[in-house]
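Peer 1: Below you'll find the structure I mean.
Readers should treat all values here as calculations from the given coordinates under stated rules, not as data from a laboratory. Model, not experiment: these values are computed from the prediction. Here the Cβ positions follow ideal geometry from the backbone for every residue, glycine too, while neighbour counts run over all protein chains shown.
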Amino acid sequence: MDFGFWRYLFAQPQFYSGGQTLLKIFPAKPNSSPAIQYNHTFVFNHLGLINDLRNRIAHHEPICFTREFH
């Protein structure tokens with residue numbers, strides 16, 4: 001299965017359909033605070049950043065020293 005499959009397990013419909021227990025795979029996850037919520041949306045968005053980097057590497061695109069990542 002590709003990385004997108006695993007990422008979308010944290011999308012809202014899939015996360016709620018799965019019983020909202022998937023966050024237990026991160027036992028060292030910080031506790032949420034009023035300023036930042038470490039919930040399924042947080043994980044989904046950060047997995048998106050990792051996926052973007054992975055795709056840039058796979059397609060031989062620049063990953064550093066570009067204006068895009070400043």
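Peer 1: Taking the range 18-55 as the search range and keeping residues that are of a type in the set (A, V, I, L, M, F, W, C) and part of a loop (DSSP other than H, G, I, E, B), which one is nearest to D2 (Cα to Cα)? Full working, then the answer.
Peer 2: Start the filter on the range 18-55 by keeping residues that are of a type in the set (A, V, I, L, M, F, W, C), which leaves 22-23, 25-26, 28, 35-36, 42-44, 47, 49-50, 53.
Pick out the ones that are also part of a loop (DSSP other than H, G, I, E, B) and you get 26, 28, 35-36.
Values: F26: 20, A28: 25, A35: 32, I36: 29 Å.
Across the range 18-55, the extreme among qualifying residues is F26.
Peer 1: Residues in the range 56-64: is at least one part of a helix (DSSP H, G or I) and either surrounded by 12 or more Cβ atoms within 10 Å (Cβ to Cβ) or under 11 Å from the mean Cα position of the chain (by Cα) (or both)?
Peer 2: Within the range 56-64, the subset part of a helix (DSSP H, G or I) is 56-58.
Next, only the ones that are either surrounded by 12 or more Cβ atoms within 10 Å (Cβ to Cβ) or under 11 Å from the mean Cα position of the chain (by Cα) (or both) stay: 56.
Checked the range 56-64: at least one residue is part of a helix (DSSP H, G or I) and either surrounded by 12 or more Cβ atoms within 10 Å (Cβ to Cβ) or under 11 Å from the mean Cα position of the chain (by Cα) (or both).
Peer 1: Which of the following residues is in contact (Cβ under 8 Å) with a residue 40 or more places away in the chain and surrounded by 10 or more Cβ atoms within 10 Å (Cβ to Cβ): L53, L23, L9, L47?
Peer 2: Working: L53 fails: in contact (Cβ under 8 Å) with a residue 40 or more places away in the chain; L23 fails: in contact (Cβ under 8 Å) with a residue 40 or more places away in the chain; L9 fails: in contact (Cβ under 8 Å) with a residue 40 or more places away in the chain.
The conditions single out L47.
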